[in-house]
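Participant: Here you go, one structure.
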Amino acid sequence: MNWRDAVIYQVYLRSFHDADGDGVGDLDGFRAKLDYLVELGVDGIWLNPCYPSPGADHGYDVADYTDVDARYGGLPAFDRLLAAAHERGLAVLMDLVPNHCSAEHAWFKEALAGRGRDRFIFREGRGEEPPNNWRSIFGGPAWTRVDDEWYLHSFDSSQPDFNWRNPAVGAYFDDVLRFWFERGVDGFRIDVAHMLFKHADLPDWPHYPEDNPYAANQPEVHEVIRRWRKIADSYGRTLVGEIWVPTVSDLSLYLRPDELPGAFYFDLLVCPWDAGRFRASIDRGLTEIGTAITWTLANHDVHRTVSRFGLISREGGPDTRPRGVVDVALGVRRARAALLLLLALPGSVYLYQGEEAGLPEVLDLPDAARQDPTWLRSGTADYGRDGCRVPLPWTASGPSFGFSTSSATWLPQPSWFADFAIEDQMARDGSTWRLHRDALRLRSRIDGELEWLETGRADVLAFRRGDTVCVTVFGQEPFPSSEYGTPLLASADAPKGVVAGGSSAWLRSA
Ligand code: NOJ
């Protein structure tokens, strides 16, 4: 596998496909859809955590790092999945969650019983107050009291942070990596890889809501990453970091030659639909990150691309989950344009499940159905991430639109999901699904360094790679493109010789 330009499809397992009819996706359900991924044309998959977990953060609260949750089919189902994926030439990346575990993990249970607390971050409080003023990323305090001490949790209170200053923690995770590499896993996405170490003094952070620099991105983390790189290299496997740091220069430090082979480039993910901002972000990425660049516009933590790019009036919320009024048709049009732009860039690309169907975010989930801990921990100010995790619509009818034999899915599907049914789109010329498939087939022919072309318009980006030119029109006005060559693929219909407003096209010079 050439990881540098691979296209990886992200499978949020519990929402992908359910084989056993309990309304929650599982590994056998996923396996039954592997040929679908081959037809789509991706090179591999990243599987969100499927370890045994009480599910407070749907798998990001791991109770046992070397097993698979029985509700997903256990280790036997995992082995079947891995073998079937490899038979089809698909790589499988798992998700490593090293910053924190579940309160149900054996070590934390011991810690609660008073043994081995130095594997976690336990401190005495300040009187009746927590040891410092840190906030959890999900909202509320980052400390919970047990007996006469408090433990740190950067996320939910059921996700205690490990103490990475204790070498036993590092040794444990080295073994976890080896365990899965020995089993044949092709790599790992590393959850919040920048957060493992906290400032040794745990000082107060006086500037909330600005990000707390003491709670992440400490220099010590790089040593761990170097060690993991050596382990991964010794098996010929890969690693991709989930790293939210203030600047692209900070990110580049994690991608030094002996550190991670890849890390998501979130700088572009948070870009508004604006040609200048896109170009600046792409340039920054290619200059500062270079060939390790890993593009993505969506994942299980952010609003779907259609809804971010279709936002016509903003009413607060973070950049990754803006709230407001969405024009879905506009969002679909722009998301299609963004896809061609992304797939024409040098580097690797991650696609989140459902994006190939142009699914919008489900913004109107009933409050009682919401499960993301951010919903309650933020005092319901942040709707959280449930809206991009609703089980996929495979068919336009049937119980749960072909997701399960049951209609009782773990999150309710809206009736309008029928309009986005994947199987319908597979059969329909011009569908968003077909655009993905066609682009993925043609993409391997795009090669060479990126060279920007002057378009004479501030709302139009064009670049050449080898004999292919990608044009993206951010504004409404069509753009004459015949000087760049003949069309290979376009995200929207247009008269001959032009690229339509709000669309992208790939052209090939004679
Ligand atoms: C990032 C993951 O992508 C997110 O889903 C999770 O809640 C947090 N890390 C905590 O593990």
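The values are calculated or read from the model by the stated rules, or taken from the named source; none is laboratory data. From a predicted model like this one, the values you see are computed outputs, not experimental measurements. Ideal geometry is used to build each Cβ from the backbone, glycine not excepted, and the neighbour counts take in all protein chains shown. Areas reflect the complete protein model, heavy atoms only, side chains present, ligands, DNA and RNA absent. Shrake-Rupley method; radii C 1.70, N 1.55, O 1.52, S 1.80 Å.
Participant: With a/c under 1.5 counting as rounded, go ahead and sort region 357-474 into rounded, prolate or oblate using the C-alpha gyration tensor (a ≥ b ≥ c being the square roots of the eigenvalues; past the cut-off, prolate if a/b is larger than b/c, else oblate).
Facilitator: oblate
Participant: Suppose we flag GluC sites (Glu not before Pro) only when DSSP calls them loop and at most 10 other Cβ atoms lie within 10 Å. Which is the longest uninterrupted stretch of the chain?
Facilitator: Between the exposed loop sites, the longest stretch runs 316-448.
Participant: On C-alpha positions alone, give me the angle between the axis of helix 275-288 and the longest principal axis of the chain, in degrees, nearest 10.
Facilitator: 60
Participant: Mean residue ellipticity at 222 nm from the helices of the chain, using -39,500 (n - 2.57) per DSSP H segment of n ≥ 4 over the full residue count, to the nearest 500 deg cm²/dmol?
Facilitator: Computed ellipticity for the chain at 222 nm equals -7500 deg cm²/dmol.
Participant: With 25 Å as the cut-off, how large is the P(r) tail for region 174-329, expressed as percent of Cα-Cα pairs?
Facilitator: Tail fraction, whole percent: 41.
Participant: Helix 432-443 sits at what angle to the longest principal axis of the chain, using alpha carbons and giving 0 to 90 degrees rounded to 10?
Facilitator: Its long axis makes an angle of about 80 degrees.
Participant: Here's something else I'd like to know. Run a plain Debye calculation on region 106-152 (Cα atoms as equal point scatterers, no solvent) and give log10 I(q)/I(0) at q = 0.30, 0.33 Å⁻¹, rounded to two decimals, same order as the q list.
Facilitator: For region 106-152, the Cα-only Debye profile gives -1.09, -1.17.
Participant: Using the Cα centre of region 451-508 as origin and beta-carbon charges of +1 (Lys, Arg) and -1 (Asp, Glu), tell me which of Gly502, Thr486, Gly475 is placed farthest towards the positive end of the dipole.
Facilitator: Thr486
Participant: Towards the positive end of the charge dipole of region 273-404, with charges on Cβ (+1 Lys, Arg; -1 Asp, Glu), say which of Pro399, Ala344, Asn299 has the farthest Cα.
Facilitator: Farthest towards the positive pole: Ala344.
Participant: Can you list which of the trypsin sites (Lys or Arg not before Pro) found in region 454-490 are DSSP loop residues with at most 15 other C-beta atoms within 10 Å?
Facilitator: Counting only loop positions with at most 15 other Cβ atoms within 10 Å, the trypsin sites (Lys or Arg not before Pro) in region 454-490 are Arg457.
Participant: Once label points are set 7 Å from the Cα along Cα→Cβ at both Glu124 and Arg445, what is their separation, rounded to one decimal in nm?
Facilitator: 7.2
Participant: Under the classification rounded if a/c is under 1.5, otherwise prolate if a/b is larger than b/c and oblate if not, where does region 451-508 fall, given a ≥ b ≥ c as square roots of the Cα gyration tensor eigenvalues?
Facilitator: It is oblate, given that a/c is not under 1.5 and a/b is not larger than b/c.
Participant: Using only Cα atoms, find the angle between the long axis of helix 74-87 and the longest principal axis of the chain, and express it within 0 to 90 degrees, rounded to the nearest 10.
Facilitator: So the helix axis and the longest Cα principal axis differ by about 30 degrees.
Participant: Here's another thing I want to ask about it. Once each part is reduced to its C-alpha centroid, what is the distance from region 150-197 to region 431-504 in angstrom?
Facilitator: Value for the Cα centre distance between the two parts: 42 Å.
Participant: Could you work out the pair-distance distribution P(r) of the chain from its alpha-carbon pairs, with 20 angstrom bin width and percents rounded to whole numbers?
Facilitator: Over the chain, the share of Cα pairs per 20 Å bin runs 22, 57, 19, 1 percent.
Participant: List the trypsin sites (Lys or Arg not before Pro) within region 64-104 that DSSP assigns to loop and that have no more than 12 neighbouring Cβ atoms inside 10 Å.
Facilitator: Counting only loop positions with at most 12 other Cβ atoms within 10 Å, the trypsin sites (Lys or Arg not before Pro) in region 64-104 are Arg88.
Participant: Something else: Tally Lys and Arg at +1 and Asp and Glu at -1 over the other residues with C-beta under 15 Å from the C-beta of Pro480: what net charge comes out?
Facilitator: Spelling it out: positives minus negatives among the neighbours equals -2.
Participant: A further question follows. Just to confirm a number: summing +1 for Lys and Arg and -1 for Asp and Glu over residues other than Thr380 whose beta-carbon lies under 12 angstrom from that of Thr380, what do you get?
Facilitator: Neighbour charge sum, excluding Thr380 itself: -1.
Participant: If you don't mind, there's one more thing I want to ask. Using θ = phi - 60° and the Karplus relation 6.51 cos²θ - 1.76 cosθ + 1.60, list the HN-Hα couplings for region 329-345 in order, rounded to whole Hz, with x at every Gly or Pro.
Facilitator: For region 329-345, the Karplus curve yields 4, 5, x, 5, 4, 5, 5, 5, 5, 5, 4, 5, 4, 4, 6, 8, 6 Hz.
Participant: Another question, if that's okay. For the chain, what % of the accessible area comes from carbon and sulfur atoms, probe 1.4 Å?
Facilitator: Within the chain, the accessible surface is 50 percent carbon and sulfur.
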